[in-house]
Amino acid sequence: MTASQWAFLGLVVVVALARLVELRVAARNLRWARERGGVERGAGHYPVMVALHLALLVGAPLEVWLADRPLVPALAVSMLLLLVLAHALRWWCITSLGPQWNTRVVVVPGLTLVQRGPYRVLRHPNYVAVVLEGLALPLVHGAWVTAALFTVTNLALLSWRVRVEEQALAELAAPTPQARS
């Protein structure tokens, strides 16, 4: 492996560690929600989502290594910037939702829809971050096959996920409760 491939692998490891931190936050928030009567909806899509994100983290460095993808500096810099922006947007979502943020769809009776942070302008800003990250991370080192496969598959999964969330929100009486990610 070349120096740039090792560096890319290091970047993927950093992103994976960030995902593990997010999973810890989600687990804490899930306990918080359940203590308040929160109920998970549409859990069937969750293992698919986990597998897809794992495939991104494994597939990108494998493609770079096995297909010997070259590092294109202009693409690497622009995609790294996009990746950082996606990560910042995700943490803005997490902090805006506070304990209501989760990687699962959980509705807590009596909570209202969050209208602060990026939720003032977008209904599902966390998914914008996910789409941007899934495109940008592999393209930092030219793993275009992984970027394309993840993006297409992720868009299909997100259409399922958004329907689950919208149905979960609609289940509860007004004001609309919060169960977003």
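Bear in mind that the values in this text are calculations on the coordinates, not laboratory data. What you are looking at is a predicted structure, and each value in this text was computed from that prediction instead of being measured. Please note: Cβ atoms are built from the backbone with ideal geometry, for glycine as well, and neighbour counts cover all protein chains shown.
Each row is one residue, and each column tells you yes or no for (1) under 13 Å from the mean Cα position of the chain (by Cα); (2) farther than 17 Å from residue 42 by Cα.
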| position | (1), (2) |
| --- | --- |
| 137 | yes, yes |
| 140 | no, yes |
| 146 | no, yes |
| 154 | yes, no |
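When the range 121-156 is filtered for residues that are among the polar types (S, T, N, Q) and surrounded by fewer than 20 Cβ atoms within 10 Å (Cβ to Cβ), the ones remaining, listed by number, are 151, 153. On the given criteria, is residue 11 out of contact with any strand residue (DSSP E or B) (no Cβ under 7 Å at 6 or more places or on another chain), crowded, with 17+ Cβ neighbours inside 10 Å and not acidic (Asp, Glu)? Against the criterion (out of contact with any strand residue (DSSP E or B) (no Cβ under 7 Å at 6 or more places or on another chain), crowded, with 17+ Cβ neighbours inside 10 Å and not acidic (Asp, Glu)), residue 11 qualifies.
All of (1) out of contact with any helix residue (DSSP H, G or I) (no Cβ under 9 Å at 6 or more places or on another chain); (2) more than 30 Å from residue 33 (Cβ to Cβ); (3) not aliphatic (A, V, I, L, M) hold for residue 78 with one exception: (1).
Please verify whether residue 155 is in a helix (DSSP H, G or I) and more than 22 Å from residue 83 (Cβ to Cβ), treating the condition exactly as stated. Judged against the criteria, residue 155 is not a match.
Residues in the range 1-39 that are more than 19 Å from the chain's Cα centre (by Cα), over 30 Å from residue 75 (Cβ atoms) and outside any loop (DSSP other than H, G, I, E, B): 31, 32, 33, 34, 35, 39. Of all residues in the range 46-61, exactly one satisfies the criterion of being more than 23 Å from residue 163 (Cα to Cα) and loosely packed, with under 14 Cβ neighbours inside 10 Å, namely 58.
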